[in-house]
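Student: Here you go, one structure.
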Amino acid sequence: MITLSELEKAEAFYELLRQSTSEDGKKAFAWIHNQLGYIKYKQGNYSGAEPFYTKACEIQEKMRPSTDLDLAVTYSNMGLLYTSLNDPSKALSYHQKALEIRKKTLEVNHPDLATTYNNIGLVYDQRHEFSTALSYYEKTLKVYTQILPVNHPWLAITYKNIGLAQISMKERMTGLNNLFKAMEIRKVAFPSNHPSIASICGTIGEVYREAGDYTTALKFYEEALDIGKRTSDVDYTRLAKTYYNMSRILSELK
């Protein structure tokens with residue numbers, strides 16, 4: 001994981017590069033702006049990232065062919081940014097541009113295509129268009145199952161996204177089956193105290209709680225709590241949420 005201090009050092013470095021690089025060197029100038037946008041994005045400063053990404057995009061659109069993969073990366077970055085800014089219309093527009101380039105340029109089972117399908121699915125999720133989101137997650141899964149080992153963490157993320165979309169569509173049992181697939185992959189892929197295992201256990205617990213199955217929900221919350229306490233970098237906010245969820249269930253079981 002990149003630390004805040006590392007991001008600050010990188011930001012200072014690229015800012016020096018930006019100030020010393022002429023706009024005549026358009027390729028380098030666009031790349032520097034893209035990097036600064038990415039750093040701002042990773043810092044959570046989304047409004048600060050926007051002008052850097054926009055500048056990179058403007059330069060690349062003028063100098064590169066419409067099928068250029070670097071331009072697709074910038075479009076993808078813009079899409080992720082607008083997803084974080086809760087502007088799904090703009091996010092979808094940029095992700096569709098990235099998809100158009102990648103479909104023309106890459107093999108059908110290229111991981112960048114899978115990533116783009118997933119990003120589009122997340123936007124439709126944000127718009128509560130769960131059926132369309134599911135169709136893109138399934139495209140992601142189709143690519144990943146062709147190119148990744150069966151216990152790869154990216155497959156776990158995809159099964160989780162599919163499961164949550166299905167649950168939002170009132171297909172609870174089918175959705176839970178996919179959440180369990182995600183959990184099993186993570187238990188194989190990661191150490192037993194990994195936070196992503198705690199996260200999926202908490203998610204499954206929440207599904208059972210919403211279904212009124214408090215006993216099963218409590219079991220998964222307890223597992224999430226146990227793992228969360230044993231992680232190397234304890235997330236106290238997540239622990240507090242788990243304690244709160246458990247207290248609600250215990251009050252229902254009295």
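The values are calculated or read from the model by the stated rules, or taken from the named source; none is laboratory data. All values reported here derive from a predicted model rather than from experimental measurement. So basically every Cβ, Gly included, is an ideal-geometry build from the backbone, and we count neighbours across all protein chains shown.
Student: Restricting attention to segment 204-254, and to residues there that are among the aliphatic types (A, V, I, L, M) and under 20 Å from Ala182 (Cβ atoms), which single residue is nearest to the chain's Cα centre (by Cα)? Walk me through how you get there before you give the answer.
Tutor: In the first step, residues of segment 204-254 are kept if they are among the aliphatic types (A, V, I, L, M); the result is 204, 207, 211, 217-218, 224-225, 227, 234, 239-240, 246, 249-250, 253.
After this cut, where a residue has to be under 20 Å from Ala182 (Cβ atoms) as well, the list is 204, 207, 211, 217, 224-225, 227.
Details: Ile204: 19, Val207: 20, Ala211: 26, Ala217: 25, Ala224: 21, Leu225: 23, Ile227: 22 Å.
Checked segment 204-254; the qualifying residue nearest to the chain's Cα centre (by Cα) is Ile204.
Student: So which of Lys90, Lys55, Lys42, Lys97 ends up being surrounded by fewer than 19 Cβ atoms within 10 Å (Cβ to Cβ) and touching a residue at least 24 places away in the same chain (Cβ under 8 Å)? Can you show your working first?
Tutor: Working: Lys90 fails: touching a residue at least 24 places away in the same chain (Cβ under 8 Å); Lys55 fails: surrounded by fewer than 19 Cβ atoms within 10 Å (Cβ to Cβ); Lys97 fails: surrounded by fewer than 19 Cβ atoms within 10 Å (Cβ to Cβ).
Among Lys90, Lys55, Lys42, Lys97, only Lys42 is surrounded by fewer than 19 Cβ atoms within 10 Å (Cβ to Cβ) and touching a residue at least 24 places away in the same chain (Cβ under 8 Å).
Student: Test each condition in (1) at pLDDT 95 or above; (2) more than 29 Å from Glu129 (Cβ to Cβ); (3) under 21 Å from the mean Cα position of the chain (by Cα) for Pro195 and report the one that comes out false.
Tutor: (1)
Student: Then there is this: Quick check on Thr74: is it touching a residue at least 40 places away in the same chain (Cβ under 8 Å), in contact with a Cys (Cβ under 6 Å, 6 or more places away or on another chain) and not in a loop (DSSP other than H, G, I, E, B)?
Tutor: On the way: touching a residue at least 40 places away in the same chain (Cβ under 8 Å): yes; in contact with a Cys (Cβ under 6 Å, 6 or more places away or on another chain): yes; not in a loop (DSSP other than H, G, I, E, B): yes.
For Thr74, the condition - touching a residue at least 40 places away in the same chain (Cβ under 8 Å), in contact with a Cys (Cβ under 6 Å, 6 or more places away or on another chain) and not in a loop (DSSP other than H, G, I, E, B) - is met.
Student: Could I ask something else about it? Kindly check whether there is at least one residue in segment 167-175 that is in contact (Cβ under 8 Å) with a residue 12 or more places away in the chain, within 17 Å of the chain's Cα centre (by Cα) and crowded, with 21+ Cβ neighbours inside 10 Å.
Tutor: Residues of segment 167-175 in contact (Cβ under 8 Å) with a residue 12 or more places away in the chain: 167-169, 172, 175.
Keeping just the survivors that are within 17 Å of the chain's Cα centre (by Cα) gives none.
So far as segment 167-175 goes, no, none of its residues is in contact (Cβ under 8 Å) with a residue 12 or more places away in the chain, within 17 Å of the chain's Cα centre (by Cα) and crowded, with 21+ Cβ neighbours inside 10 Å.
Student: Do you know which residues across segment 239-254 are at pLDDT 85 or above and not aromatic (Phe, Trp, Tyr)?
Tutor: Matches in segment 239-254: Leu239, Ala240, Lys241, Thr242, Asn245, Met246, Ser247, Arg248, Ile249, Leu250.
Student: Can you find a residue in segment 189-212 that is surrounded by fewer than 20 Cβ atoms within 10 Å (Cβ to Cβ), in contact with a Pro (Cβ under 8 Å, 6 or more places away or on another chain) and among the aromatic types (Phe, Trp, Tyr)?
Tutor: Scanning segment 189-212, I find at least one residue that is surrounded by fewer than 20 Cβ atoms within 10 Å (Cβ to Cβ), in contact with a Pro (Cβ under 8 Å, 6 or more places away or on another chain) and among the aromatic types (Phe, Trp, Tyr), so the answer is yes.
Rundown of residues vs (1) touching an Asp or Glu at 6+ places or on another chain (Cβ under 6 Å); (2) under 23 Å from Leu99 (Cβ atoms); (3) not hydroxyl-bearing (Ser, Thr, Tyr), yes/no style:
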site	(1), (2), (3)
Glu8	no, no, yes
Ala12	no, no, yes
His33	no, yes, yes
Gly44	no, no, yes
Ala49	no, yes, yes
Lys62	no, yes, yes
Thr67	no, yes, no
Asp70	no, yes, yes
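Student: On to the next question. For segment 40-59, indicate whether the set of residues that are outside any helix (DSSP H, G or I), of a type outside the set (Phe, Trp, Tyr) and in contact with a Phe, Trp or Tyr (Cβ under 6 Å, 6 or more places away or on another chain) is non-empty. Show your work before the answer.
Tutor: Start the filter on segment 40-59 by keeping residues that are outside any helix (DSSP H, G or I), which leaves 43-45.
Subset that is of a type outside the set (Phe, Trp, Tyr): 43-45.
Filter again for in contact with a Phe, Trp or Tyr (Cβ under 6 Å, 6 or more places away or on another chain), leaving none.
No, segment 40-59 has no match at all.
Student: I'd like to verify a number: residues in segment 96-138 that are assigned to a helix (DSSP H, G or I) and either touching a Lys or Arg at 6+ places or on another chain (Cβ under 8 Å) or under 19 Å from Ile162 (Cα atoms) (or both), how many? Steps first, please.
Tutor: First pass over segment 96-138, keeping only residues assigned to a helix (DSSP H, G or I): 96-105, 111-126, 130-138.
Then keep just the ones that are either touching a Lys or Arg at 6+ places or on another chain (Cβ under 8 Å) or under 19 Å from Ile162 (Cα atoms) (or both); that gives 111-126, 130-138.
Summing the residues that are assigned to a helix (DSSP H, G or I) and either touching a Lys or Arg at 6+ places or on another chain (Cβ under 8 Å) or under 19 Å from Ile162 (Cα atoms) (or both) in segment 96-138 gives 25.
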